[in-house]
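Read-outs: derived from the displayed coordinates by stated rules, not from any lab. Just so it is clear, the structure is predicted and the values come from calculations on it, not from any experiment. Cβ atoms come from the backbone with ideal geometry, glycine included; neighbour counts cover every protein chain shown.
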Amino acid sequence: MRGRVADGQIVRLEPVAGADLRPDDVVLVRVHGHIYLHLILAREGARLQIGNNRGRVNGWVGPDAVYGRMSDQPPDRSIPSSEVAAPRRPDPRARSRP
């Protein structure tokens, strides 16, 4: 089964109040120090259970961890992997200048 959003797919996010977040919303969220585009699986009071479309649960977060809700998925608008910048690591062979 494929996820709701393909790798590299561009999505549009909208600001959302914590009270308006519902299960089945796709949100940009910080979980355990990482930022994910994930699904709200459940809501218990103000707490939100975050996971993916394949049943994996990442944990519970408060609404302050949500950066925005996905508003739509523009079709066929992907970033080619050749255009995605990978983090650069320093070359261990390079000499540092004094």
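Numbers at a glance
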{"item": "Computed lengthening from Asp25 to Asn52, 0.36 nm per intervening residue step minus Cα-Cα distance", "result": "8.6 nm"}
{"item": "Label-point gap, in nm, between Ala6 and Ile35 - each point 7 angstrom along Cα→Cβ", "result": "2.4 nm"}
